[in-house]
Structure formats: structure tokens, C-alpha cells
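A short worksheet on the structure shown next.
The values are calculated or read from the model by the stated rules, or taken from the named source; none is laboratory data. Bear in mind the structure is a predicted one, so any value in this text is a computation, not a measurement. With ideal geometry, Cβ positions are generated from the backbone for all residues, glycine too; neighbour counts draw on all protein chains shown. Quick note on the areas: whole protein, heavy atoms, side chains included, nothing else; ligands and nucleic acids left out. Shrake-Rupley method; radii C 1.70, N 1.55, O 1.52, S 1.80 Å.
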Amino acid sequence: MKHILMIVCILYGTIPATAQSSVGQKHLAQLPPLLANTCGCMQAEEDQYSDQIHRVLAAIEQERDRIEYGNPTPDELISGISRKTGIAQSELKRLGDQGTEADGEKLAEQQMQKQYGISQHEIDQMENMSEAELQQWGKQYAANRNSSGNTKQGKAVKTAAISTQIADLESQFNQYVEKWKTMANDYALLERNAKKKLQETVERVEKSAPKEIYQGEHCINQKAIDEYFEHNLPPVYKAYCEETTPKYKQYLNTRKTDLPKIFNLLDNLVVLKCRMLKEQTGIEQNIADLQAIQSMSLVEDHAKAMLDLGNTSWRNETRSGKN
């Protein structure tokens, strides 16, 4: 389906109005603050933290289920696009299932030539223009052809401008994604190195532990062994936590700071693409519902990342129950 929607985005559109996704903000606000003392908190505090996150995840799932029942099916989208453009449903299905991005662009270009009277050479030129250059090109193009009564070029200019705006918004979103990905990769590298050091230290602690002394089948110094590990192992795991946690908290805090800006950015994309879809197929989608779904998905991902911060069962590692 992504190629079909790409055709819609290239062929049709209007400038998006500013939107505000309150649903994502609501669920984001219900998440707990990060554990203040992650490496030394009590089990009850950790449980309360994770329980609150799970309540938010459950609320998101329930609200998403309510919304998604009202969305059009892929067959409805294909049928509407076919009626609007005259492209056979079989061709649209083939493009959606098997086509490449190049196939979609080629079909879109053919439709622009057919509907807007603009050549492939002009399309290629517009792809390399800035928004200001597109506006200037459109004025000149209209002036040159106005006497002939040709009004198709106005639609072509508008479509090109909208395609540029979509690309710009998607580029902005991808910048956030890449920033998060870089921070996540940096943390993963730190964690791998810290975990290697942790394993080496645990092995040294285990090798230095008192040896079992048996009388028959009974270990007579088991209490001393347990006390040794209870005293020596927790500080090792706590040191690992204190080395890795600050960077992970920085990653989570950056995501939380970015999310409201991303909500607004993606809200605008939804408005833009929904109007395109209505023009292309006659299908009108609930913009607010789609905005809610995408913002809730972002909060859901963030909440799951927060759960990893509370996963500190290693604090209770002892020689008994050693893995």
C-alpha cells in the first residue's frame, strides 16, 4: 500500500493546517517520572514505576482498538483511487504488492502529464527547485500560458509545492529518528563494554569465594558462603548500573523532550495526506483519529523503553541462584 499512498502524495494535496495531538500528550503526561535512584531503589518503588507504565500501555491499546475499527480497508482505498484516476484496480494492486518506488514515481509522472499538461523535463526541473524557486516558476509559467486559457499548470505547481512540503516534514521527522538511533547505538556500545567488565568482575568474585566444606552430604559453611556473596556481589552489579544508567536516562529524556514537537510535525503530515486521499479517492478519513493513533504509537514505544530502565532485578543477585 505504501506505493499507492505515494502516488496520492505526489499527485494531490493541499497545504496542511496546524494541528495539535492532545491524545499523545495526555498519555505522555500519565507516564511516571524516571526512577530517581535507579541503582538503589527498593523493589516496591520499582514495581510502582512499572505498574504505572503498564496502565498507560493498556489504555493506549484500548483506545487504539476503538479507533481502528472505523478505518477504510485496503480494497476500499484501491477502489476509490481507481475511480478517481482511471487506473485499473489490478494495476494498483500489482503496484501495491510488487511494485518498486520507481514504478510508483513513473505512474505518478504519467498522471501529472495527463492531468496537468506538464512535461517530464519540467517535472525533473521542479524536483531540484527550492520552495521559493517553485513559486517563482509557477508565476512565470502561468504568465506565459495564461493567454491560452490553460489552467492545468496551476494545479501542477501546487502539487509540486505540496510534494516539497511533504518531503521537508518527513526529513524533519527522520532527523529526530536518526538522533534517537545514534543515542541508542552509543548506549548499546557502552552497555556491551560495561557488561563485559561486569562478567569479568563477577567471575573474580566467584573464584575468591569460600570453598564448600562438607560433612557427609551437608555443607557446614553454607551460611558463610551466602554472606560472602550477599556482601560482594551487589556492589559489583550496582557499579554496572551506575556506569550505564545515566546515558540511558539521557536517551529517554531526549525522546520525551522531542515527542511534543514530533506530535505536531506528524499531525501536519496526517492533515496533508488525508486531504490528498480524499481528493484522490473520495474517501474521507477521521484526521483526529489518525493523529491519535500515530501519537499513541510514539508514546507506546517510549513507554516500553522506560520499562527497560526499571528492569533492575540484577540487584538481588547472590551466589545462591547463580545462573
Original post:
In the stretch 39-82, how many residues are modelled with pLDDT under 90, of a type in the set (A, V, I, L, M, F, W, C) and surrounded by 15 or more Cβ atoms within 10 Å (Cβ to Cβ)?
Top reply: 6
Original post:
When you look at K223, is it part of a helix (DSSP H, G or I), open to solvent by 30 Å² or more (accessible area, probe 1.4 Å) and over 30 Å from D308 (Cβ atoms), yes or no?
Top reply: yes
Original post:
What is the one condition in (1) surrounded by 13 or more Cβ atoms within 10 Å (Cβ to Cβ); (2) not in a loop (DSSP other than H, G, I, E, B) that Q199 does not satisfy?
Top reply: (1)
